[in-house]
Structures are given as C-alpha cells and as structure tokens.
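Enquirer: Please see the structure below; I have some questions.
Please treat every number below as a calculation from the coordinates, not as lab data. Everything numeric here is computed off the predicted structure, so don't read it as measured data. Every residue, glycine as well, gets a Cβ built from its backbone with ideal geometry; the counts of neighbours run over all protein chains shown.
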Amino acid sequence: MNTALKNIRRSPYQAFAAIFVVSITLFIVGIFSLVTIASQSILLNFETKPQIIAYLKDGHTTDQVASLISNVTVNSGVKKAVYVSKQEALELYKKSVGNDPVLLGTVTDWGIVTADILPASIEITATSPDAFKSIASILEKSDIVSATPQGKKEIDFPEDVISELTKWTNAVRMAGLVLVIALSVACVLTIMIIISMKITSRRMEISTMKLLGAKNFFIIKPYLQESMIYGFIGALFGWVMCLIALLYSTPFLAPRLNGVIVFPIKYEIYLILLGILLSIGLLISFFSSLFATARFVKRSK
Amino acid sequence: MIDFAHVTKSYPNGDIVVDDLDLSISPGEFVVITGKSGAGKTTIGRLLIRDLLPTKGTITIDGEDLTKLKAKNIPMLRRKIGVVFQDFKIIPDKTVGENIAIALEIAGFDNKKINAKVDRLLDMVGIPGKANLFPVQLAGGEIQRAAIARAIACDPPILFADEPTGNLDKDTSIEIFKLLQKINSDGTTVIMATHDVTLIDLNKARHIHIEKGKIISDSDKKPKSDKSSEVPESQKDSEKDPEPKRNHKYSHKDK
C-alpha cells in the first residue's frame, strides 16, 4: 500500500486525471440511476391510476351502472372499477383546480360550475395496459356510456400517455446507458494508460525485482492498489456530486413530483447509491489496471 | 552441487558466448571465474538464475535441471541465488535501505524484521548508518557494498558476484574481495566473475579462466569423481567455527 501511495504522490497530475474521469463517470452513473428509478416511479404512478374513464349519460339508473360494472369486472384484466357520481365528479374537479375563481366559474358569465354540468363516470384500473382493448370494447357496447354527436363513445383511454411515457423513459434509459458505457470505456482507457505509463517508466526497477525473485503478483500489486485508490476516491467524489445535484434540485423537483416521489430523499437511498458507486468504481479501476498489468505480465514472460 | 554439463549458449546471430562448458561447483566453494570482457562470465551467471536458457546442455543445482524448470518456479530459484550485478542494478530513486529491503519484501519478510535485518546487513558490509541515503549520495565502493548486502539479504546458499571490483580502486577492491571471502566463510558458495586478477589472492580460491566461452584452465585439478569428497578450504575453517552456518541446500521448491 505504501508503494501505491508513493506512486500517487510522485505523479499527482496523473492521479488527478484518473480520479477526475472516475468521478465524472460515476456522477453520470449515479444521476442516471436516480433518473431511471424516478421514471420507473412516475410510470408506476400512471399505471396504478384509473386508466380508463367511461362517461355516463344523464338519467342512468343504479341497476344499469351495477350491471355495467359487473360486466367489466368479469374481465380478468380489471383490477378495480368504481362509479363516480356527478357530485363526486364536482368534488374531484374542485380539488384539481384548487381555488382558481376562473375555473370554478365564480367570476365568469357562464355561471358557477355545478354538479349538473359534470357527467358521472366509471373509472376502471386495469392490471396491465394489455387489457385496455377488451375493457374498451365492453364499454363501447354499453347503452349508458355517453357518445359524441358523431356517435363516438366518450371513453378516456390514456393508453397513449402511458406508451408515450414508456417510450420517453426507455429513450432516457438508453441515452443514459450509452453515455455511461462511453464514459466507462474512457475511464478504463485512462486508468490503463496511466498504469501502463507507470509500469513502463519503472521497467528497470521491475526487471531488477524479477531478477531478485519477485513473482508477477508482487510486482503488479502496487499498481492494482493504486488503481483501486483512484476508483475509491473517484466514487466518493462522484457520490458527493450526485448528492449536491440532488439537494440543489430538490426545491424544483419536490412540487412537480409530489405524490410520486417523497422528498427529501431518504438517507438509506444515498447510502445505497454510495455502495453502488463504490462497487462500480472499484470494479472499473481493478479491471483497468488488471488489463494494463496483464499486458506487462504477458510481455515479461 | 552446481553442475554445468556440455552447456552451450549461442544467439540467433551465430555468436557463441558459452561453448560446451563443463563445470561442477561444490557447496561452500569460493570460485573466481576470470576472463576478458565478452568471455562468457556474465552469461554463466545469467544461465544460473534462468535469465537465459542454454542452447545445448543442462544446468543442474542439487540435481534439479534448470532447463526444465517451470516458469512459476523461477522466482523461487532466484531467491536462492544472490546476484551482485555488474551494473549494480541499484534502484536510483530508492534509498539504500529500501534497495536492500526490496529483496526481503520479495522473500516475504515482515516489516519489523526487514528494518532490523537491513541494519545488520549494512553493518556487515561495512556501510552502517547509510540506510537513508540515496545511491547518488554514495561512493562507488559503497554502492558495491549495498549491492552485496542486497544479494545476501535472504541468506542465499549461492552468491554470484559479477565484476564486483570493476571500476574500484585497489584498496576498495581488496576490501570487497575480503567481504566476499567472509560471506563464503559463513557457508555461502561464492562465484565471482572478474576480468582483473591482479588484485585478488587466487591462492584462497578456486580459479577458472575462460576464453570465448570455453574453460582454459581450472585450478581445481582433481578429477571430477573426487570432488564430492573434497572439503573446500572455507568449509575446513567453518568446521572450527562454533557459529551456525548458512543452509547449503539449494532447493528452490521449499517455498
């Protein structure tokens, strides 16, 4: 270990370059891991919300509603089907618009929004987006589901939102993965070059050590240790950068992701992130130096 | 017993540096190999530590054929043969102490023992208190002594000293020679290669003269078969010495 630390002290700029690249790589890894987890939570949130809303004609009877719900729930893809009355629809509307006087109609000539102008509905939660089509076909056959003047049944079918969101999430993940792979390769190459340069510059010492009876592992051990120190310190810096980025963006994210992700993030999540980044940092640095030293071992046979 | 049997070493360009060499060295012997530069002295040392493989012939140490030695066993062989290199091979950016310590670290000694042993070795070779100096701060004779200290650090049963008096003044050369004799008197087989015999009292050693890779003369006149019964001068002395001697076993498989 002393030799490894001495090697770092002797070439601080090389050490800085290695630690910098590892830090940036692991910062990006950390950020994309968090983004992936967040997007997964957002997607899950959308998927667990009522996915199909069928608006009902005025004048429907409770028997008709019960019959429709029973028809729908027979379908194995239905998790939950709930009747929302006109009054409940009004409450939901008020809740969603808050105290906005324009949207509540208190300051317009159109009059105050009342329960009468809002339709009753049935909100259905599917077990998976695959069940949407069969559920929709049942609803379309029902007489109590209202229709547009063109004859199209009024069924909100947010499949597109989910598929769009899934598409975006996958795109972000893919972009993150490509970036992480590119940075990891840059990281591996940087450490490999630094370690190879160090081995080359100490060729005379290494050949003397071999003549004195040193085994290959004895010779390469300080270089492996040195590289793993880069990985360790780089991972710590990367983690600190993630922490700062997350704390800095919390005031912006908290209101936007309210109900989806709990802010402030639990400290356990930070510790798990630290563990992951340290593991990746140590693995990357270990294998980089192993590649570099393996070339030396191969050459020195 | 070190045994070179019909050993030839040639290079792809056709240069023959060792030519059909037959040589046996008994444990505890002090052997001086002389010859001009390029006669093959250094090559003998390099063959001995498996830094080179012979083109023909076999080299055995205690019956173990070095030409058949597996690569993984070479480090163990080298730990049993101390070498004082012609160019010292003292690492310039390590202190004298660190240069000696590295041989002990390689052999697996722990740090506490290493520090104590380095001090003892420096005392033994006559440069006490120089552990923290860098090679550039030492005189030629002192570097040579540091190189000897490193070579004998692990108490090897064999010591090969390649031109240990090269470029040294007369007095220092004699001191180095005496130091090697002292090491030999402790039971170590010493093989010293030199091109300059004027400063050495050859009566106290077996003298082999080589030219163009061939043995021209060997002061050990006795037939090969009698050698095993011969007790070298150094060993005769050692029998009188109540101090425990170095282990004569050469085997490199005991670790």
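Enquirer: Build a GNM of chain A with springs between Cα atoms under 10 Å: which of A:280, A:122, A:138 gets the top mean-square fluctuation?
Expert: A:138
Enquirer: Within the stretch B:144-216, which trypsin sites (Lys or Arg not before Pro) sit in a loop by DSSP and count at most 12 neighbouring Cβ atoms inside 10 Å?
Expert: Listed in order of number, the matching sites amount to none.
Enquirer: Would you kindly calculate the translational diffusion coefficient of the stretch A:173-301, applying Stokes-Einstein with the Kirkwood radius from alpha carbon pairs, for 20 °C and a viscosity of 1.002 mPa s, and quote it in µm² s⁻¹ without decimals?
Expert: Estimated diffusion coefficient is 125 µm²/s.
Enquirer: Residue separation times 0.36 nm, minus the C-alpha to C-alpha distance between residue A:9 and residue A:287: what's the value?
Expert: Extending this stretch completely gives an extra 97.9 nm.
Enquirer: For the stretch A:49-158, report the convex hull volume of the alpha-carbon atoms normalised per residue, in Å³, without decimals.
Expert: Each residue corresponds to 111 Å³ of Cα convex hull volume.
Enquirer: Relative contact order of the stretch A:49-158, please, whole-number percent, based on alpha carbon pairs below 8 angstrom and at least 6 residues apart.
Expert: 47
Enquirer: Provide the percentage of antiparallel DSSP beta bridges, counting only those with both residues in the protein assembly as shown; round to the nearest 5.
Expert: Once the DSSP bridges in the protein assembly as shown are tallied, antiparallel ones form about 65 percent.
Enquirer: Starting from the Cα-Cα distance between residue A:175 and residue A:200, subtract it from 0.36 nm times their residue separation and give me the gain in nm to one decimal.
Expert: Answer, rounded to one decimal: 5.3 nm.
Enquirer: How large is log10 of I(q)/I(0) for the stretch B:67-223 at q = 0.14, 0.21 Å⁻¹ when the intensity is taken from the Debye formula with one equal scatterer per alpha-carbon?
Expert: Debye intensities relative to I(0), on a log10 scale: -0.73, -1.41.
Enquirer: Do the alpha carbons of any pairs in A:215/B:204; B:41/B:70; B:56/B:89; A:221/B:56 sit beyond 27 Å of each other, and which pairs?
Expert: Those over the limit are A:215/B:204; B:56/B:89; A:221/B:56.
Enquirer: Would you kindly state how much longer the chain becomes between residue A:73 and residue A:116 on full extension, computed as 0.36 nm times their sequence separation minus their alpha carbon distance, in nm to one decimal?
Expert: 12.7 nm
Enquirer: Using 7 Å Cα-to-Cβ label points, what is the residue B:20/residue B:1 separation (nm, one decimal)?
Expert: For residue B:20 paired with residue B:1, the spin-label model returns 2.3 nm.
Enquirer: Okay, next question. Computed FRET efficiency, Cβ-Cβ of residue A:253 and residue A:16, R0 45 Å: what is it to the nearest 0.05?
Expert: Computed FRET efficiency for residue A:253 and residue A:16: 0.90.
Enquirer: If I model a spin label at residue B:120 and residue A:271 as a point 7 Å from the Cα along the Cα→Cβ vector, what separation in nanometres do I get?
Expert: That separation, rounded to one decimal, is 5.0 nm.
Enquirer: Set the Förster radius R0 to 41 Å, insert the Cβ-Cβ distance between residue A:243 and residue A:46 as r into 1/(1 + (r/R0)^6), and round the FRET efficiency to 0.05.
Expert: Once the sixth-power term is evaluated, E becomes 0.90.
Enquirer: Rg and Dmax of the protein assembly as shown over Cα atoms: what are they, in angstrom?
Expert: Rg, Dmax (Cα atoms, Å): 41.6, 131.
Enquirer: Shifting gears a bit: Could you check the simple spin-label distance between residue A:182 and residue B:111, using points 7 Å along Cα→Cβ, in nm with one decimal?
Expert: According to this spin-label approximation, the distance is 4.5 nm.
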